[in-house]
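The values are calculated or read from the model by the stated rules, or taken from the named source; none is laboratory data. On a predicted model such as this, the values are computed, not experimentally measured, just so you know. Every residue, glycine among them, receives a Cβ derived from its backbone with ideal geometry; neighbour counts consider all protein chains shown. Protein only, heavy atoms only, side chains kept; ligands, DNA and RNA dropped before computing areas. Shrake-Rupley method; radii C 1.70, N 1.55, O 1.52, S 1.80 Å.
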Amino acid sequence: MHYRDYLQQLIYRIINPVVKGMIKVGITPNIITTIGLVLNIVAAAVFIYAGYMEREASFLYVGVGGGVVLFAGLFDMLDGRVARMGNMVSRFGAFYDSVLDRYSELFTLFGIFFYLILQGYVVWAIVAFVALIGSIMVSYVRARAEGLGLECKVGLMQRPERVVLTSLGAIFCGVFGDCRAFDPILILTVPLAVIALLANVTAFVRVAHCYRLLSAQK
């Protein structure tokens with residue numbers, strides 16, 4: 001079993017009681033998806049607010065923002081699970097979820113980008129922007145491939161990995177904000193650099209994958 005499948009099944013066992021409770025009270029997948037977007041907007045606002053603070057004080061709010069992103073990521077799993085267990089799967093629901101997922105990533109990474117600009121980390125802000133580009137292109141290539149009738153889920157840096165890296169980087173940046181051995185901003189930005197690299201590599205790997213599939217159909 002692939003590590004992502006194993007982790008997914010483990011998380012499902014944990015959240016299934018919550019899912020059943022949501023279904024009983026009539027919470028729909030689209031409501032959960034919308035809540036996830038709102039939480040990511042809140043996280044972006046926290047990052048931007050942190051940008052206007054003194055450097056040392058800002059790290060605490062970066063950590064808070066990371067916690068909100070991680071919590072929002074839970075809703076990203078809950079909506080699909082509620083849809084399947086509650087027999088509420090729909091084509092529009094899948095479409096709505098995909099669209100709001102893209103908005104969520106845009107808001108989160110923009111918030112971090114803006115924080116880094118305000119704090120004077122221009123180079124790292126560019127890295128965050130490249131991570132944003134890679135995140136969007138990974139999803140875009142898959143969407144275009146599926147529009148051509150191709151399955152395209154290959155690559156290392158898919159959405160769950162991006163959310164985990166971004167949120168944990170921000171959380172631990174806040175936790176170790178008082179560190180004097182090195183600049184705590186590295187705890188936030190190094191994971192972003194990994195995303196910037198691997199997400200864009202993943203996008204091109206998917207392009208190559210689609211090329212092979214389309215060439216085989218000729």
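Quick look at the numbers
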quantity: Residue count for the stretch 111-136, restricted to those that are of a type in the set (Gly, Ala, Ser) and free of Cβ contacts under 8 Å to residues at least 12 places away in the same chain; calculated: 1
quantity: Within the stretch 122-141, considering residues that are touching an Asp or Glu at 6+ places or on another chain (Cβ under 9 Å) and of a type outside the set (Val, Ile, Thr), the one nearest to ARG91 (Cα to Cα); calculated: SER139
quantity: Criterion (surrounded by fewer than 18 Cβ atoms within 10 Å (Cβ to Cβ) and either at pLDDT below 95 or part of a helix (DSSP H, G or I) (or both)) met by exactly one of VAL123, VAL138, VAL68, VAL127; calculated: VAL123
quantity: Count of the stretch 13-55 residues which are closer than 30 Å to ILE117 by Cα and modelled with pLDDT of 90 or more; calculated: 22
quantity: Hey, PHE176 modelled with pLDDT of 90 or more, under 21 Å from the mean Cα position of the chain (by Cα) and open to solvent by 60 Å² or more (accessible area, probe 1.4 Å) or not; calculated: no
quantity: Selected residue (criterion: most open to solvent (accessible area, probe 1.4 Å)) from residues of the stretch 179-194 that are β-branched (Val, Ile, Thr) and either farther than 15 Å from SER135 by Cβ or at pLDDT below 95 (or both); calculated: VAL190
quantity: Count of the stretch 14-57 residues which are among the hydroxyl-bearing types (Ser, Thr, Tyr) and more than 14 Å from ASP76 (Cβ to Cβ); calculated: 3
quantity: Where ILE117 falls short, out of the listed (1) under 17 Å from the mean Cα position of the chain (by Cα); (2) within 30 Å of ILE185 (Cβ to Cβ); calculated: (1)
